[in-house]
Amino acid sequence: MIKLGEIQKIDIGLYINEFKNKCKNKNINPANFFEKLENRFPQYKARWQKSIKDQIKDLPEFDKVKRETMRHLRKLKITN
């Protein structure tokens, strides 16, 4: 979604209400999003090469993608 936003110049902030609605439907507090995401990064990193290297040509390093993703997500200012 973030890469698509960069390529197509779409403001991902437009999706914040959808995100909050999805959290509400799942009884999840959106304010806890970053903490939960941080806790999952080790799992994502471990599977990075194995899971998607055949799907993405010139797969970037996980840490670079993580930094770029977090930079964009922090702009959303996700709260309750």
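Values in this text are rule-based calculations from the coordinates and carry no lab data. Being a predicted model, the structure only gives us computed values, none of them experimental. Cβ sites come from the backbone with ideal geometry, for glycine too, and all protein chains shown count toward neighbours.
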Entries of Lys26/Lys66; Lys57/Lys77; Lys20/Lys45; Lys24/Lys53; Lys24/Lys57 with Cα pairs more than 30 Å apart | Lys57/Lys77; Lys24/Lys53; Lys24/Lys57
Using R₀ = 25 Å, calculate the FRET efficiency as 1/(1 + (r/R₀)^6) where r is the Cβ-Cβ separation of Arg67 and Asn32; round to 0.05.
-> 0.75
